[in-house]
Amino acid sequence: MTGDLARSKTRFTVILAALAIVDLVLVGYLLFSGSSPSARLAREQALQQELTALNREVAPLVGIGPKLDQTRVDVKKFYEQKIPSQFSQISQHLEKLVRETGVTTVQGFRFTEEKPGGNEKGNLPEIQRIGIDTAVSGEYSKVARFINALEQDKFVFVITQIALNSSEGGNLVSLQIKFETFLKET
């Protein structure tokens, strides 16, 4: 029995010594691995600053899902209401504006289809840009009404260039105008 007790005592001493060595290794790791309390505090502060910066950066995106859904609905509605689907709608509508404002076209409307070049900035998906060039003449107030009608029209007209000439002795003016509109590609 004494032999069993001696073996147990030896085993206990070996286990105790092994645990002491493990403790010493862990204490050494804590003290010399750069994880001192000040280093840990500095690291924690750096991580806190990074978290704050990331939260600030992400804040505008909070709740973006419903906003994107509403934007998609608005864009679809805009396309349906403001972008014609047939070329004839554009020419008929411009002729109507000419009649309603009382101006006359000097040379009619010249249309140029502008093909989008790849994925350039400013190109819209499934939308073709149409350039329009014309000259109208009439009294100054009627020409001004024509420009105003273009700017406030239900279709989208973007005026890109205007040249206004007046006649020598009268109220008549001639307006050379270039503008763009858009057409749904089908």
Scanning segment 143-175 for residues that are closer than 24 Å to PRO84 by Cβ and either in contact with a Cys (Cβ under 8 Å, 6 or more places away or on another chain) or not hydrophobic (A, V, I, L, M, F, W, C) (or both) gives ARG145, ASN148, GLU151, GLN152, ASP153, LYS154, THR160, GLN161
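Results for (1) farther than 18 Å from GLU126 by Cα; (2) assigned by TED's automatic domain parsing to the domain that holds VAL156; (3) touching a residue at least 60 places away in the same chain (Cβ under 8 Å), shown as yes or no for each residue.
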residue	(1), (2), (3)
GLU57	yes, no, no
PRO66	yes, no, no
THR71	no, no, no
LYS96	yes, yes, no
GLY102	yes, yes, no
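The values are calculated or read from the model by the stated rules, or taken from the named source; none is laboratory data. Keep in mind the model is a prediction, meaning the values are calculated, not measured. Cβ sites come from the backbone with ideal geometry, for glycine too, and all protein chains shown count toward neighbours.
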